[in-house]
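The structure appears below as structure tokens.
The values are calculated or read from the model by the stated rules, or taken from the named source; none is laboratory data. Keep in mind that this is a model prediction, so the values were computed, not measured. Using ideal geometry, Cβ is built from the backbone for each residue, glycine included, and neighbour counts are taken over all protein chains shown. Quick note on the areas: whole protein, heavy atoms, side chains included, nothing else; ligands and nucleic acids left out. Shrake-Rupley method; radii C 1.70, N 1.55, O 1.52, S 1.80 Å.
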Amino acid sequence: MSKMTNRSEGQESSGFHIAMKVLGTLHRWLYRASGGKLGKTFFGSPILLLTTTGRNTGRSRTWPLTYLHDGGGRFVVSAAYGGQPKHPAWYLNLRANPHVAVQLGEHTRAMIAEVVEGDERARLWSRLTEAYPAYADYQRKTERQIPVVVLRQET
């Protein structure tokens, strides 16, 4: 039996999608309006704003995401999307165009997004699930492997 009951393969919950969109919009507004003073954490987890280019529209799209520092100015994020069966739009956007902007507090910087695989993914996934145990629950909820993305300075 599939892990996905009450919805067909590859289909996300529309209620979840709407809730994420509303919460993301409010969080992004609060973060930006306060220069990162408000909204810099979510239930104790640090938050950055990730801006991607829409793969279909070409417009900027910004989402608040939890992250980890990985030294050398690198940040690690996960496309967990609450364990939904489909990848979040921001992840699909950065796959199409890895040039992103990251806002931490008042500072925004241009970065490159790289999806990591193999041993590097395993190392970073372990760190992510240690810092954010809910990610392990999200992985159990979905059949897709949740991507791990490293954001690094453009060179």
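Using Stokes-Einstein with the Kirkwood hydrodynamic radius over Cα pairs, what translational diffusion coefficient do you get for the chain at 20 °C and a viscosity of 1.002 mPa s, in µm²/s rounded to a whole number?
Translational diffusion coefficient: 133 µm²/s.
If one computes the Cα centroid of the stretch 50-87 and of the stretch 105-155, what distance in Å separates the two points?
The two parts, judged by their Cα centres, are 9 Å apart.
At 1.4 Å probe size, what's the solvent-accessible area of ILE112? Round to the nearest 10 Å².
20
Order the following by accessible area, largest value first: GLU120, GLU106, GLU143. Probe radius 1.4 Å; ligands, DNA and RNA are ignored.
GLU106, GLU143, GLU120
Send over a whole-number figure in Å² for the accessible area per residue of the chain, probe 1.4 Å.
Ligands and nucleic acids excluded, the result is 56 Å² per residue.
How big is the Cα convex hull of the stretch 75-155 in projection, averaged over all directions, in nm²?
Projected over every direction and averaged, the Cα hull of the stretch 75-155 covers 5.8 nm².
What residue among ALA122, ALA96, GLY36 has its Cα farthest toward the positive end of the dipole of the chain, where the charges are +1 on Lys, Arg and -1 on Asp, Glu, each on the Cβ?
Of the listed residues, the answer is GLY36.
With an 8 Å cut-off on Cα pairs and a minimum separation of 6 or more residues, tell me the relative contact order of the chain in percent.
In percent, rounded to a whole number, it is 25.
Is there a quick way to get the dipole size of the stretch 72-136? I mean about its Cα centre, with the Cβ of Lys and Arg at +1 and of Asp and Glu at -1; what is the value in debye to the nearest 20?
In debye, rounded to 20, the stretch 72-136 gives about 100.
So how do HIS107, HIS99 rank on accessible area, 1.4 Å probe, biggest first, that is with the largest at the start?
HIS107, HIS99
With all protein chains present, how much of the accessible area of the stretch 91-147 (probe radius 1.4 Å) comes from carbon and sulfur, to the nearest whole percent?
Ligands and nucleic acids excluded, carbon and sulfur reach 49 percent.
Taking the alpha-carbon distance from LYS40 and a cut-off under 12 Å, which aspartates and glutamates remain once sequence neighbours fewer than 8 residues away in the same chain are dropped?
Excluding near neighbours in sequence, the set is GLU106.
Using the charge dipole of the chain (Lys, Arg: +1 at Cβ; Asp, Glu: -1 at Cβ; taken about the Cα centre), state which of TYR67, LEU49, ILE146 has its Cα farthest towards the positive end.
LEU49
Ignoring ligands and nucleic acids, what accessible area does LEU26 show with a 1.4 Å probe (Å², nearest 10)?
We get 110 Å² for LEU26.
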